[in-house]
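Working notes, beginning with the structure itself.
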Amino acid sequence: MAGETIITIVGNLTADPEPRFTPSGDAVANFTVAVTPRRFDRQANEWRDGETKFWRCAAWNQGKLTLAENVANTLRKGASVIVQGELETRSYETKEGENRTAAQLRVIAIGKNLVFHAQPKGAESQSYDNGGQASGNWGNTGGQAQASGWGNQPTGGNASGWGGQNQNQNGWGHGPGNEPPF
């Protein structure tokens, strides 16, 4: 990766990712992220939006890594995402003979921005660990709610999913200082 221009953007998807295959069979998911900077105006005591910029992104499958497929199967229009990628530019000529340059991000990593993804108390989280099907608790491939919400139920009666046999009132196991595992 030496010498590449790597940038990170935080924004929202403007449409569902568009999966496609190249003639050689390579999978790619194309999508656009809208990035709007916000600044706090102390004099007006309110937040002000800056000019929105639109970043075209391409996520490719590479060998056994299925980034393009994962993006196309899990992200939807409006999702708040954090994207890290290599800035690529290409030049082309339009039908009218004009020379143009286009820039896009070749995605290295992408994930949901959880800053604004809070759910109401008691709402069930959604994940797509089960072949694209929402399973209710992440890491739970059986589609059944687990006692801890931390993946598949371990055998041997450990209902906490982390650090001990019992759970406190919040559902966390008895780990270091009785704190959650993060």
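Please treat every number below as a calculation from the coordinates, not as lab data. The structure displayed is predicted, hence computed values, not measured ones. Counting neighbours? That spans all protein chains shown, and the Cβs are built from the backbone with ideal geometry, glycine included.
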**Q.** Nonlocal amide H pairs with Asn113, under 5 Å, H built at 1.01 Å
**A.** Ser80, Val81, Ile82
**Q.** Cut-off 12 Å between beta-carbons: net charge of the residues surrounding Glu88, Lys and Arg +1, Asp and Glu -1
**A.** +1
Q.
In whole Hz and in residue order, list the ³J(HN,Hα) couplings for the range 85-96 that follow from phi through the Karplus curve 6.51 cos²θ - 1.76 cosθ + 1.60, θ = phi - 60°; x for Gly and Pro.
A. x, 8, 6, 10, 10, 9, 10, 8, 10, 6, 4, 7
Q.
Under 5 Å between amide hydrogens, which residues at least 5 positions from Ile108 or on another chain qualify, with H placed 1.01 Å from N in the peptide plane?
A. Gln84, Gly85, Glu86
Q. So how much slack lies between Lys64 and Ser24, counting 0.36 nm per residue of separation and subtracting their Cα-Cα distance, in nm?
A. 12.8 nm
